[in-house]
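The values are calculated or read from the model by the stated rules, or taken from the named source; none is laboratory data. Predicted model, so just to flag it, every value in this text is computed and none were measured. Here the Cβ positions follow ideal geometry from the backbone for every residue, glycine too, while neighbour counts run over all protein chains shown.
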2 protein chains.
Amino acid sequence: MAKKPEKLWKTPVDDALRWVRGTDLTALDQSATPGWSGKKADGEELMAARGPELAELQERLFAHGRTGGDRSVLLVLQGLDTAGKGGIVRHVVGMVDPQGVQHRGFGVPTEEERQHDYLWRVRNALPRPGYLGVFDRSHHEQVLVVRVNQLEPPETWRTHFRELNEFEAEVAASGTLIVKVALMVSADEQKARLAERLERPDKHWKYNPGDIDVRTKLPEYLAAYQEMLDRTSTEVAPWYVVPADRKWYARLAVTELLTGALRSLDLGWPPADFDVETEKARLAAS
Amino acid sequence: MAKKPEKLWKTPVDDALRWVRGTDLTALDQSATPGWSGKKADGEELMAARGPELAELQERLFAHGRTGGDRSVLLVLQGLDTAGKGGIVRHVVGMVDPQGVQHRGFGVPTEEERQHDYLWRVRNALPRPGYLGVFDRSHHEQVLVVRVNQLEPPETWRTHFRELNEFEAEVAASGTLIVKVALMVSADEQKARLAERLERPDKHWKYNPGDIDVRTKLPEYLAAYQEMLDRTSTEVAPWYVVPADRKWYARLAVTELLTGALRSLDLGWPPADFDVETEKARLAAS
């Protein structure tokens, strides 16, 4: 290949995917590859090449946390069933040391969780200093599934937009860099992925009859996503909308967003908090 | 290579490493490769080949947990500083989907942890059904660092052996398969690894002047390990003692122990709890 693959971003990924308030979500092409001028093979090459850098950046963050630093990163993954959240975790997050990852999936609230405010379980799962936190679904479900299924009256869920923003501002102020990714899959691609889950016995466990009910409410979900994006994409917790029909693109894009986020922390290796020469002498004598 | 690399185990790894009560720990050769007749390159080849199988076994466990199953696996890693616990997490646990891993490191107890029984924080970190739990250090520190540093009087820490066994019997009865690994590094190899941490600025954060204090107490630590192994290696929670001077061997051995543990659960893909044909029709119509 003549060009270095990273040169194939003709628009920086951050600019290509960052949500711009008021964009019409229904006009999104879920099979597009915004910003990327290369092919699938180029994307896979770049993603593989990013692995070592991503791992080192994550290790610097971890080292920072171990030596009193307060920074952490939170990757929020939202998307309908089959949008590929799990694949992002496996293939992107899987490139870094599991020791430094705090992964949490948010499903239907448990009995205990229901006895608290909806942010309670989210607060408990926030990444500690030095960690990469990964949320598979999140507090944003309060304006998605809760809204679409009318689990709360509008006068209640409407109050959540402001709460979500205040909550994230507080989390960001505590040292956590927030990267929110909405994976958008088309109705046709979703159908094909659900069909695969029904065809393959090793994928039956991933299928839920409720997935079809969600399909019948796609317009409502799109409207809910539209409002969520417009109202909760903020300076400190921006949304990135990632077309997800091409898995390789979605994984590449999240790899790049995460790499960029970690780079932006600009963390060097923590300096020794001991006298290196003294310790060398002690070690030699031990 | 003429032989398939797994044939290079001349003694099954489980037999080669499972602790036999009364064995003299001070006679252990930390640079040995028990059971393995191959070379480093063979070991690396086998470990790489195990990756996909280990990932599938872990996914079956995860699927089992998602569909009401109660099984989980807990990998307990003990070892002195530089024994390679972190490398095991990165290179062995790193081969499976981070979504299914619950990793927890146990350091000096926090203020909150100190206000509870020493098993409190351990109970809170136990793997949920379907998960692979990984403990970097564990409840066994109560008969290691606590004993060696005389943080409790002997009449107190001596009661812990029985408590540890009762606790683990209870955990095992709840569905958790426990695999306990003690990584044993020689004093010379430890010295070389600490020297590297002092040489390389990107490793300074891993160095702690207290590591030298531990070195001065190696005989006491060995005695504590000996008694811990003899008294807490049980049918339901056996200890495997892994010579750890050769990192490739330690990683291979833990890969094999973990693969064997997951295989022994004998979990198939969960059957569909819905009618597949009905769902295909619903999907087609959606």
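Being aliphatic (A, V, I, L, M), on the phi < 0 side of the Ramachandran plot and surrounded by fewer than 15 Cβ atoms within 10 Å (Cβ to Cβ) is a description that applies to B:Leu151. Which members of the stretch B:61-103 meet the condition of being at pLDDT below 95 and either in contact with a strand residue (DSSP E or B) (Cβ under 7 Å, 6 or more places away or on another chain) or crowded, with 22+ Cβ neighbours inside 10 Å (or both)? The one that is at pLDDT below 95 and either in contact with a strand residue (DSSP E or B) (Cβ under 7 Å, 6 or more places away or on another chain) or crowded, with 22+ Cβ neighbours inside 10 Å (or both): B:Leu80.
Among the residues of the stretch A:262-269, are any within 28 Å of A:Ala55 (Cα to Cα), small (Gly, Ala, Ser), surrounded by fewer than 17 Cβ atoms within 10 Å (Cβ to Cβ) and touching a helix residue (DSSP H, G or I) at 6+ places or on another chain (Cβ under 8 Å)? Yes, because at least one residue in the stretch A:262-269 is within 28 Å of A:Ala55 (Cα to Cα), small (Gly, Ala, Ser), surrounded by fewer than 17 Cβ atoms within 10 Å (Cβ to Cβ) and touching a helix residue (DSSP H, G or I) at 6+ places or on another chain (Cβ under 8 Å). Could you grab me the full set of residues in the stretch B:44-60 that are hydrophobic (A, V, I, L, M, F, W, C), surrounded by fewer than 18 Cβ atoms within 10 Å (Cβ to Cβ) and over 30 Å from B:Glu189 (Cα atoms)? If the condition is that a residue be hydrophobic (A, V, I, L, M, F, W, C), surrounded by fewer than 18 Cβ atoms within 10 Å (Cβ to Cβ) and over 30 Å from B:Glu189 (Cα atoms), then B:Ala55 is the only one that fits. Applying the selection to the stretch B:73-96, what residues are among the polar types (S, T, N, Q) and closer than 16 Å to B:Leu257 by Cβ? Result: B:Gln78, single match. Number of residues in the stretch B:107-137 that are closer than 20 Å to B:Glu152 by Cβ and under 13 Å from the mean Cα position of the chain (by Cα): the value is 1.
Results for (1) on the phi > 0 side of the Ramachandran plot; (2) of a type in the set (Gly, Ala, Ser), shown as yes or no for each residue.
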residue	(1), (2)
B:Leu222	no, no
B:Gln226	no, no
B:Val242	no, no
B:Ala253	no, yes
B:Asp266	yes, no
B:Lys280	no, no
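Restricting the stretch A:193-219 to residues that are of a type in the set (A, V, I, L, M) and more than 8 Å from chain B (Cβ to nearest Cβ), the residue that is surrounded by the fewest Cβ atoms within 10 Å (Cβ to Cβ) is A:Leu218. Does the stretch A:76-98 contain at least one residue that is closer than 23 Å to B:Gly94 by Cβ, over 15 Å from the mean Cα position of the chain (by Cα) and within 10 Å of chain B (Cβ to nearest Cβ)? Taking every residue of the stretch A:76-98 in turn, at least one turns out to be closer than 23 Å to B:Gly94 by Cβ, over 15 Å from the mean Cα position of the chain (by Cα) and within 10 Å of chain B (Cβ to nearest Cβ). Scanning the stretch B:12-27 for residues that are more than 15 Å from B:Lys180 (Cα to Cα) and touching a helix residue (DSSP H, G or I) at 6+ places or on another chain (Cβ under 9 Å) yields B:Pro12, B:Gly22, B:Thr23, B:Asp24, B:Leu25, B:Thr26. On the basis of being under 22 Å from A:Pro12 (Cβ atoms), crowded, with 17+ Cβ neighbours inside 10 Å, away from chain B (no Cβ under 14 Å) and in contact (Cβ under 8 Å) with a residue 60 or more places away in the chain, does A:Val242 make the cut? Yes; evaluated as a whole, the condition is true for this residue. A search for C-beta distances below 7 Å between a residue of the stretch B:253-282 that is facing chain A (nearest Cβ under 8 Å) and over 13 Å from B:Arg60 (Cα atoms) and any residue that is of a type in the set (A, V, I, L, M) and part of a helix (DSSP H, G or I), counting only pairs 6+ apart in sequence or on different chains, returns B:Val276/A:Leu198; B:Glu279/A:Leu198; B:Lys280/A:Leu198; B:Arg282/A:Ile212.
Evaluate the stretch B:176-192: report whether one residue or more is more than 14 Å from every other protein chain (Cβ to nearest Cβ), surrounded by fewer than 17 Cβ atoms within 10 Å (Cβ to Cβ) and among the hydroxyl-bearing types (Ser, Thr, Tyr). Looking through the stretch B:176-192, none of the residues is more than 14 Å from every other protein chain (Cβ to nearest Cβ), surrounded by fewer than 17 Cβ atoms within 10 Å (Cβ to Cβ) and among the hydroxyl-bearing types (Ser, Thr, Tyr).
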